[in-house]
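The values are calculated or read from the model by the stated rules, or taken from the named source; none is laboratory data. Model, not experiment: these values are computed from the prediction. Reconstructed Cβ throughout: ideal geometry from the backbone, glycine too, with neighbour counts over all protein chains shown.
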Amino acid sequence: MKLFEQDVLPSGLASPALPQDTVFTTVSDFVRTTLIIAELEIRKLSHDATDLLIRAVQPTLWLLIFGQVFSQIRAIPTGNLSYQSFLAPGILAQSVMFISIFYGLTVIWERDLGILQKFLVSPSPRAALVSGKALSAGVRALSQAVLIYLLSFLLGVQIDWNPLALLGVLFTVFLGAGIFATFSMIVACIVKTRERFMGIGQVLTMPLFFASNAIYPISLMPPWLQGIALVNPLTYLVDALRSLMLVGVVNVQQVLIDLLVLVLVLLVMVTIAARKYPQVVV
């Protein structure tokens, strides 16, 4: 049992909190705890990477089949972009959402195993526990980004290989994964059972996807759906990725707006998830 507790709670979580007499100490404690939680989650991935391989199937099918077919029939107007180029960032955003939206299941699983209770009795800030899981979701989503870039290159999509653009995509992927992972944790803390969570997760994913600009422009939507798309964080994730990924599409002002919206949404989600986090064990 002692060994199990050491594996679950590294020394960084088990040790007493450092005196928080300065802003620097508080921030350093928060960052350290966040990285510890993220490292724990990533370690799980190193033991079983098959989940990433399975999740690679869906975006591959979207790009190779859906993208190729609609490129041929030219049913969706995408301006100066080929439909394949228009679709690739949307599928990356979809993959980020799908790999993160069921992340709350780990919260329920950890509660059932008694791991979550050990986290909650530690002196670590709840927001740091949530942020660590959000960060690890971003690491998982990176595999999807690599896959989409590889497929896009093979399909002739004009990728912007500028290092700043690549860093922007990396940052955006982490933001998107963090948003949907924390949203997933909020849902898990409310429903508290795996069966209910899986049902709600499956209900939410497709409406979020189709009520965004991932596979067609917002201008093609009916007015009521356009209103939903404008409050859908996936829309801003797709928009930022499309501007950063593709050659000749970047709009610096629009990208900054998209990233600002994503950052604000993430902060709200982390705040709510941190407050809800202890309730999952009640």
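Brief remarks follow.
- Scanning the stretch 68-92 for residues that are in contact with a Phe, Trp or Tyr (Cβ under 7 Å, 6 or more places away or on another chain), of a type outside the set (S, T, N, Q) and assigned to a helix (DSSP H, G or I) yields Phe70, Tyr83, Ile91.
- Taking the criterion of being without any contact (Cβ under 8 Å) to a residue 12 or more places away in the chain and among the aliphatic types (A, V, I, L, M), the residues of the stretch 231-253 that qualify are Val231, Val252.
- The set of residues from the stretch 114-137 being part of a helix (DSSP H, G or I) and touching a Ser or Thr at 6+ places or on another chain (Cβ under 8 Å) comprises Ala127, Ala128, Leu129, Val130, Ser131, Gly132, Lys133, Ala134, Leu135, Ala137.
- Every test in (1) modelled with pLDDT under 90; (2) under 25 Å from Leu142 (Cβ atoms) is passed by Arg194 save one, and that test is (2).
- Residues being surrounded by 17 or more Cβ atoms within 10 Å (Cβ to Cβ) and either in a helix (DSSP H, G or I) or polar (S, T, N, Q) (or both) - total across the stretch 232-253: 14
- Residue check for Val280: β-branched (Val, Ile, Thr) and either closer than 18 Å to Leu129 by Cα or assigned to a strand (DSSP E or B) (or both): yes
- Sole residue being more than 18 Å from the chain's Cα centre (by Cα) and either in a loop (DSSP other than H, G, I, E, B) or without any contact (Cβ under 8 Å) to a residue 12 or more places away in the chain (or both), chosen from Leu260, Leu256: Leu256
- Condition met for Ala273 (in contact (Cβ under 8 Å) with a residue 60 or more places away in the chain and in contact with a Cys (Cβ under 8 Å, 6 or more places away or on another chain)): yes
- Residue match in the stretch 212-227 (condition: assigned to a helix (DSSP H, G or I), within 20 Å of Ile99 (Cβ to Cβ), of a type in the set (S, T, N, Q) and without any contact (Cβ under 8 Å) to a residue 60 or more places away in the chain): no
- The set of residues from the stretch 81-104 being in contact with a strand residue (DSSP E or B) (Cβ under 9 Å, 6 or more places away or on another chain) and either surrounded by 24 or more Cβ atoms within 10 Å (Cβ to Cβ) or of a type in the set (Ser, Thr, Tyr) (or both) comprises Ser85, Phe86, Ala88, Pro89.
- So Leu225, is it under 16 Å from the mean Cα position of the chain (by Cα) and on the phi < 0 side of the Ramachandran plot: no
- Being buried (at least 22 other Cβ atoms within 10 Å of the Cβ) and of a type in the set (A, V, I, L, M) is not true of Ala229.
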